[in-house]
1. Is it the case that the range 30-49 has a residue that's farther than 26 Å from Met171 by Cα, open to solvent by 10 Å² or more (accessible area, probe 1.4 Å) and touching a Phe, Trp or Tyr at 6+ places or on another chain (Cβ under 8 Å)?
2. Is the range 260-267 home to any residue that is part of a helix (DSSP H, G or I), at pLDDT 80 or above and surrounded by 13 or more Cβ atoms within 10 Å (Cβ to Cβ)?
3. Do you know which residues across the range 143-195 are of a type in the set (Asp, Glu) and under 25 Å from Asp97 (Cα atoms)?
4. Leu88 - would you say it is at pLDDT 95 or above and either over 23 Å from the mean Cα position of the chain (by Cα) or more than 13 Å from Pro13 (Cβ to Cβ) (or both)?
5. Tell me which residues, restricted to the range 1-29, are open to solvent by 80 Å² or more (accessible area, probe 1.4 Å) and of a type outside the set (A, V, I, L, M, F, W, C).
6. Scan the range 91-124 for residues that are under 17 Å from Gln152 (Cβ atoms) and either at pLDDT 95 or above or touching a helix residue (DSSP H, G or I) at 6+ places or on another chain (Cβ under 9 Å) (or both) and jot them down.
7. What pairs can you find where one residue is in the range 92-103 and within 23 Å of Thr46 (Cβ to Cβ) and among the aromatic types (Phe, Trp, Tyr), the other is part of a helix (DSSP H, G or I) and at pLDDT below 95, and their Cβ atoms are less than 8 Å apart, with a gap of 6+ or different chains?
8. Taking the conditions exactly as written (at pLDDT 80 or above, farther than 19 Å from Phe155 by Cβ and either over 17 Å from the mean Cα position of the chain (by Cα) or open to solvent by less than 40 Å² (accessible area, probe 1.4 Å) (or both)), does Leu230 satisfy them or not?
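The values are calculated or read from the model by the stated rules, or taken from the named source; none is laboratory data. None of these values were measured; they are calculated from a predicted model. With ideal geometry, Cβ positions are generated from the backbone for all residues, glycine too; neighbour counts draw on all protein chains shown. Surface areas here come from the heavy atoms of the whole protein model, side chains and all, with no ligands, DNA or RNA. Shrake-Rupley method; radii C 1.70, N 1.55, O 1.52, S 1.80 Å.
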Amino acid sequence: MSSRKPFIVACIPAYNEEKTIAKVLLKTKKYVDKVIVCDDGSTDMTAEIAEALGAEVIRHEINMGKGAAIRSLFRKAREENADVIITLDADGQHDPDEIPILLNIMEQSGADIVVGSRFLTEEIAKKIPTYRYIGNRILTMVTSVEGILDTQSGFRIYSRRVIESIQPAEMGYAVDSEILYKASERGLKIVEVPVSVEYKVPKPSKKGPIFQALDVSLSMIKQLSIRHPLIFYGVPGFISLLIALISGLMLIHLFNLTRYFSLPLAMITIGFGILG
């Protein structure tokens, strides 16, 4: 009795990638059953080139962000009853010829998510521009999930369990970390494998590293406030009330001794009391 061959779908978010999308699609098609591209409000020929090469294209009328593109791609993959989805960037940073490596790791390990990591080997990490390397390492520390070294990698493979149980909510770059957080909460297995990376592309990233860092960090703060509200709000609230109590007692003590009403102490007491 032979088992059914899994239906593998490549999901590619793209925004103004007409110079690289063709090469990425042609190489990707060799390893998957279907390619779906989310054209996230491009103003160039990205969508037309993708369609001409046989990809199904989801169009966003305006640029909504990577998270919105991934959400649309996940939704479409569910509709297609995909068993496995592969996500990779359309700018040529990832090598589609490494897709079989990730697929083999998923099959051998039984993982639900295989992350293509840029930081597992020093040889690969050296290819990353210094500012990107430092920025991504800081973001990884902030968004660490189960010891994964590259939480921002967009080159991944997801199992059907991930496709069915996780619907991304983040609109921007934080979507990659969000998916890992949700997978970890659901007890899904995540593994990491080294992949190559190529930054010599025709144009730089659409968003600067500072914007990306702020986007991801703010989103992770939001996720923390949702997951652990008592700690997130309770600890600073308690500290604020403690400061208000101490300054209030100092205000009363000073007034009893000197009959002087300290306006600065009163303002600190009221301000931190309200904040707490």
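1. Of the range 30-49, the ones farther than 26 Å from Met171 by Cα are 30-33.
Next, only the ones that are open to solvent by 10 Å² or more (accessible area, probe 1.4 Å) stay: 30-33.
Right, trim to touching a Phe, Trp or Tyr at 6+ places or on another chain (Cβ under 8 Å) and you get 33.
Yes - at least one qualifying residue is present in the range 30-49.
2. Just the residues of the range 260-267 that are part of a helix (DSSP H, G or I), to begin with: 263-267.
Keeping just the survivors that are at pLDDT 80 or above gives 263-264, 267.
Restricting the remaining residues to those that are surrounded by 13 or more Cβ atoms within 10 Å (Cβ to Cβ) gives none.
No, every residue in the range 260-267 fails to be part of a helix (DSSP H, G or I), at pLDDT 80 or above and surrounded by 13 or more Cβ atoms within 10 Å (Cβ to Cβ).
3. Quick first cut of the range 143-195, residues of a type in the set (Asp, Glu) only: 146, 150, 164, 170, 176, 178, 185, 192.
Listed by number, the residues that qualify are Asp150, Asp176, Glu192.
4. Details: at pLDDT 95 or above: yes; either over 23 Å from the mean Cα position of the chain (by Cα) or more than 13 Å from Pro13 (Cβ to Cβ) (or both): no.
Criteria not met by Leu88.
5. Of the range 1-29, the ones open to solvent by 80 Å² or more (accessible area, probe 1.4 Å) are 1-5, 19, 23, 26, 29.
Ser2, Ser3, Arg4, Lys5, Lys19, Lys23, Lys29, listed by residue number.
6. Asp91, His94, Leu102, Ile113, Val114, Val115, Gly116, Ser117, Arg118, Phe119
7. none
8. Details: at pLDDT 80 or above: no; farther than 19 Å from Phe155 by Cβ: yes; either over 17 Å from the mean Cα position of the chain (by Cα) or open to solvent by less than 40 Å² (accessible area, probe 1.4 Å) (or both): yes.
Considered against the rule, which asks whether it is at pLDDT 80 or above, farther than 19 Å from Phe155 by Cβ and either over 17 Å from the mean Cα position of the chain (by Cα) or open to solvent by less than 40 Å² (accessible area, probe 1.4 Å) (or both), Leu230 comes out as no.
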